[in-house]
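Below is one structure, written out as structure tokens; the observations come after it.
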Amino acid sequence: MKRIGILTSGGDSQGMNNAIRAVTRTALANGMTVMAIRNGYQGLLDGDIEEMSLRSVSNILDRGGTILQTARCLEFKEEAGVLKAVQTCKDFGIEGLVVIGGDGSFRGARDMSLHGIPTVAMPGTIDNDIACSDYTIGFDTAVNVAMEAADKLRDTSLSHHRCSVIEVMGRNAGWVAVDVGIAAGATYVLVPEVEFRIEEVIEKMNRGKAAGKKNFMIVCSEGIFADVKKNKNYEYLAGLGITSASKLAKKIEELTDVESRATVLGHIQRGGSPTARDRYIATEMGCRCADLLREGKSNRVVVIRDNKIIDIDIVEALNMTKEFDVARYNIANMVGI
Ligand code: ADP
Ligand code: F6P
């Protein structure tokens, strides 16, 4: 394979630039040409493609976001869109593709492979919700960003004897919430995967109050407010009128008499300089992606399992389910008092 394309797709995540750099440098070192495809699969439909050089990826190591930009491209989900994308690859002489994104992007990678363009993928999302991999790039940075914000919120809630309700991202998964809760010392962590009752939260706060505790922190995953099957709490919370972090804060204030404030951290968690962990995992995965294409492999996803970078079939990967780490969740709620 002499000429490959690279794109980032779906929500951006920190570490994507490190992956782009690693793919580019590995491919160039092996005599291949690398074509940058802008805006995810949309770039394949628009022909928004440019050749990369060694210098195209200079000085991006410490930058969040993705220099290739990204998009959610609905047209590509249709057969006609895939065929158009395949034709663009042929027009630009692109013989293989590297896709960096979440499992939606992996479905697109599978489709490109099925239509004769060898494609490999790697997991980039802050949510860490991809079944085939123990880790997704961006997660560590997002957790660190949220932890630093939670530390700051602790300062002010301590001064005011308040309860800080902090909503973190994660889509329908609670991985971000659990790690932020452990790292920032939340009194309670609430996630969509584990059923909880508001009385348990209140009871724990009251026990703390009785022991002289003045400030509290509740870290909740955005997923607890989402009406999806995976969320075990939606109906219960909706029944209580708790449909947002601010409503949760109000309810806590009402039931405990502790003044409460809600903060939704939102997209700030998707920005910032990638941590060392994200940089090196992204780099290792990116190198492996380029190597797989060089070896003529197709329809593979590069993942990390038991601290090893391996590659597996994309269809197999898409059929996997990820079990939530309840033990870790229990630790978060046991050490936070
Ligand atoms: P993520 O990759 O982070 O899961 P999305 O689900 O938004 O994010 O998917 C990113 C892009 O991948 C979509 O905009 C679309 O172009 C492509 N994609 C998503 N789902 C499919 C699918 N079922 N078939 C083909 N392409 C898909
Ligand atoms: O998948 C990453 C993520 O940041 C989720 O945590 C969040 O629910 C979603 O994307 C937000 O999507 P958007 O950037 O489209 O608002």
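The values are calculated or read from the model by the stated rules, or taken from the named source; none is laboratory data. Everything numeric in this text was worked out from a predicted model, so none of it was measured. Positions of Cβ are generated from backbone atoms using ideal geometry, with glycine treated the same way; all protein chains shown enter the neighbour counts.
Of the numbered criteria (1) surrounded by 24 or more Cβ atoms within 10 Å (Cβ to Cβ); (2) more than 16 Å from the chain's Cα centre (by Cα), the one Asp48 fails is (1). Within 16 Å of ligand 2 (Cβ to nearest atom), touching a residue at least 40 places away in the same chain (Cβ under 8 Å) and surrounded by fewer than 20 Cβ atoms within 10 Å (Cβ to Cβ): does that describe Arg72? So Arg72 fits the description; yes. Residues in the stretch 15-53 that are among the polar types (S, T, N, Q) and at pLDDT 95 or above: Asn17, Asn18, Thr24, Thr26, Asn30, Thr33, Asn39, Gln42.
Could you tell me whether any residue of the stretch 72-81 is in a strand (DSSP E or B), more than 19 Å from Met285 (Cα to Cα) and of a type outside the set (Gly, Ala, Ser)?
Within the stretch 72-81, not a single residue is in a strand (DSSP E or B), more than 19 Å from Met285 (Cα to Cα) and of a type outside the set (Gly, Ala, Ser).
Would you mind stating whether Thr88 is surrounded by fewer than 24 Cβ atoms within 10 Å (Cβ to Cβ), assigned to a helix (DSSP H, G or I) and within 15 Å of ligand 1 (Cβ to nearest atom)? Against the criterion (surrounded by fewer than 24 Cβ atoms within 10 Å (Cβ to Cβ), assigned to a helix (DSSP H, G or I) and within 15 Å of ligand 1 (Cβ to nearest atom)), Thr88 qualifies.
Give me the helices (runs of 4 or more DSSP H) completely within the stretch 126-239, filtered to those with at least 2 residues that are touching a Lys or Arg at 6+ places or on another chain (Cβ under 8 Å) and within 30 Å of Ala19 (Cβ to Cβ), ordered by residue number.
On the way: elements: 139-160, 175-184, 198-210, 234-239.
In the stretch 126-239, 139-160, 175-184 are the helices (runs of 4 or more DSSP H) which contain 2 or more residues that are touching a Lys or Arg at 6+ places or on another chain (Cβ under 8 Å) and within 30 Å of Ala19 (Cβ to Cβ).
Looking at Gly124, Gly96, Gly108, just one residue is touching a residue at least 60 places away in the same chain (Cβ under 8 Å), buried (at least 17 other Cβ atoms within 10 Å of the Cβ) and more than 10 Å from ligand 1 (Cβ to nearest atom), and that residue is Gly96.
Within the stretch 98-112, being over 17 Å from the mean Cα position of the chain (by Cα) and either assigned to a loop (DSSP other than H, G, I, E, B) or over 19 Å from Leu74 (Cα atoms) (or both) holds for one residue alone: Val98. Say whether the condition of being assigned by TED's automatic domain parsing to the domain that holds Met122, among the polar types (S, T, N, Q) and away from ligand 1 (no atom under 16 Å from the Cβ) is met by at least one residue in the stretch 45-54. Taking every residue of the stretch 45-54 in turn, at least one turns out to be assigned by TED's automatic domain parsing to the domain that holds Met122, among the polar types (S, T, N, Q) and away from ligand 1 (no atom under 16 Å from the Cβ).
Kindly indicate whether any position in the stretch 23-36 is charged (D, E, K, R) and over 17 Å from Ser105 (Cα atoms).
yes
Which residue, of Gly101, Gly15, Gly64, Gly40, is within 15 Å of ligand 1 (Cβ to nearest atom), more than 18 Å from Asn299 (Cα to Cα) and surrounded by 17 or more Cβ atoms within 10 Å (Cβ to Cβ)?
From the options Gly101, Gly15, Gly64, Gly40, the qualifying one is Gly15.
Taking first residues from the stretch 4-29 that are closer than 23 Å to Ser113 by Cβ and partners that are of a type outside the set (A, V, I, L, M) and surrounded by fewer than 24 Cβ atoms within 10 Å (Cβ to Cβ), the Cβ contacts under 6 Å between residues at least 6 apart in sequence or on separate chains come to Gly10/Gly102; Gly10/Gly104; Ala22/Thr283; Ala22/Cys287; Thr26/Cys287.
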